[in-house]
Amino acid sequence: MTIIEQNSQAVTDLQNRLDGRVYECRVWLCPEEEGGYSVILPFLPGVASQGETREEALQNIKEAFQGAAAEYIESQQPIPWCRDTLHQKPADAIEKWILVNV
């Protein structure tokens, strides 16, 4: 699977309410031994974050992706999506799909 800009009805409806582009992104949310969560976008190298709760970690990864995507868009470079993940999904990872407006 790849992270793609979706044209589903849910995304279309969201785009009608928001300016910019909306991306549907797969993330892996990983509980940390010392508490909290780390979270990565497995198909976009270098985009990762963390948070004390699942909700905070997911909000932080959205912000990390927004920042990275904005840089690529501003420099008129394509977002360098990977066709295959560079990481193996950790056994305890929770897979989520999120919508991110850029």
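Some observations on this one:
- Point-to-point label distance, I73-Q88, nm (Cα→Cβ direction, 7 Å offset): 3.6
- Contact order relative to length of the stretch 27-90, as percent, for alpha carbon pairs under 8 angstrom and 6 or more apart: 29
- Semi-axes of the equivalent ellipsoid of the stretch 27-90 are 23, 15, 6 Å, computed as sqrt(5λ) over the eigenvalues of the C-alpha gyration tensor in descending order.
- With a Förster radius of 30 Å applied to the C-beta separation of E52 and W97, the computed FRET efficiency comes to 0.85.
- The stretch 27-90 - charge dipole about Cα centre, Lys and Arg +1 at Cβ, Asp and Glu -1, debye rounded to 20: 340
No lab work stands behind these numbers, since they all come straight from the coordinates. The structure displayed is predicted, hence computed values, not measured ones. Glycine also receives a Cβ, built like all others from the backbone with ideal geometry; neighbour counts cover every protein chain displayed.
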